[in-house]
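The values are calculated or read from the model by the stated rules, or taken from the named source; none is laboratory data. This is a predicted model, so every value here is computed, not measured. Here the Cβ positions follow ideal geometry from the backbone for every residue, glycine too, while neighbour counts run over all protein chains shown. Accessible surface is based on the protein model in full, side chains and every heavy atom, while ligands, DNA and RNA are left aside. Shrake-Rupley method; radii C 1.70, N 1.55, O 1.52, S 1.80 Å.
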There are 2 protein chains.
Amino acid sequence: MTFDAVVEVRLRPGIADPQGATIERALPALGFDGVGGVQVGKSIRFTVEAADEAAARSLVDDLCHRFLTNPVIEDSVVTLTAAAVA
Amino acid sequence: MTFDAVVEVRLRPGIADPQGATIERALPALGFDGVGGVQVGKSIRFTVEAADEAAARSLVDDLCHRFLTNPVIEDSVVTLTAAAVA
């Protein structure tokens, strides 16, 4: 079976987020008020071939921990959906 | 009212994605098979103060088009949820 995976990688709470801070500082000068708490992360999409959803989830979790994120400073949230059959 | 916004920024179809291609090439050597179609985007989270959901959505859409994305090469998907009242 094929699954669509979306991995959202976010900085852990307390880790400095200079990209987010820069966006937040720039917004009032550009006329956007009322925006706060800006956090910038990554979003990684891919397809996974696996026997079932449990196998796909275990593969994606392993991939996240070993390769896509730095677990010291980043958290990841995995969303898996069965791909539409072509 | 306060809303939590998540903006997912993705490259448009057909735009070269060297980050995604590099991840995809590296995976078989690391023992991950069956993974394909890797696309790397950004995920930007923030809170918005607005009178109602329509006002918040229009502010976030404007922000996306003018500031957070390059509409020539990137698409964005906005998800808005009312923030839990503290």
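With Cα atoms as the point set, the radius of gyration and Dmax of the protein assembly as shown evaluate to 17.4, 52 Å. Alpha carbon centre of the stretch B:42-71 versus the stretch A:27-86: separation in Å? Cα centroid to Cα centroid, the span is 20 Å.
With respect to the axis relating copies A and B by rotation, the chain A residue whose beta carbon is closest, plus that distance in Å, is A:S43, 2. Across the identical copies, the label point of B:F67 (7 Å from Cα in the Cβ direction) is separated from its matches by 3.6 nm, in order from shortest. Sequentially through the stretch A:50-67, phi angles give Karplus couplings (6.51, -1.76, 1.60; θ = phi - 60°) of 8, 5, 8, 5, 5, 5, 4, 5, 5, 5, 5, 4, 4, 4, 4, 6, 8, 9 Hz, Gly and Pro residues having no value and appearing as x. Shielding by partners for peptide A:45-53, expressed as the average number of C-beta atoms from other protein chains within 10 Å of each residue's C-beta, is 4. Summing both sides, the accessible surface hidden between A and B at a 1.4 Å probe radius is close to 2600 Å². Spin-label model, A:R25/B:T79: points 7 Å from Cα along the beta carbon direction are separated by 3.0 nm. Residues whose amide H lies under 5 Å from that of A:A83, counting only those 5 or more places away or on a different chain, are A:T2, A:F3, A:D4; hydrogens are built 1.01 Å from N in the peptide plane. Plainly put, the tip 7 Å out from Cα toward Cβ on B:T2 is 4.2 nm from that tip on each other copy, the closest given first.
Residues considered: B:L27, B:L11, B:L68. Largest GNM mean-square fluctuation over chain B, using C-alpha springs under 10 Å, is found at B:L27.
If the Kirkwood radius is taken over C-alpha pairs of chain B, then at 10 °C and 1.306 mPa s the Stokes-Einstein diffusion coefficient equals 107 µm²/s. Mean partner shielding of peptide A:56-68, defined as the number of other chain Cβ atoms within 10 Å of each residue Cβ, is 2.
Karplus-based coupling profile of the stretch B:24-30, in residue order and whole Hz: 4, 5, 6, 4, x, 5, 8, with θ = phi - 60° in 6.51 cos²θ - 1.76 cosθ + 1.60 and x standing for Gly or Pro. For chain A, averaging the sequence separation of C-alpha pairs within contact (under 8 Å, six or more residues apart) and dividing by the residue count gives a relative contact order of 52 percent.
Karplus-derived 3J(HN,Hα) values for the stretch B:68-84, using 6.51 cos²θ - 1.76 cosθ + 1.60 with θ = phi - 60°, are 7, 10, 9, x, 5, 10, 10, 10, 10, 10, 9, 10, 10, 9, 5, 6, 4 Hz; glycine and proline are entered as x.
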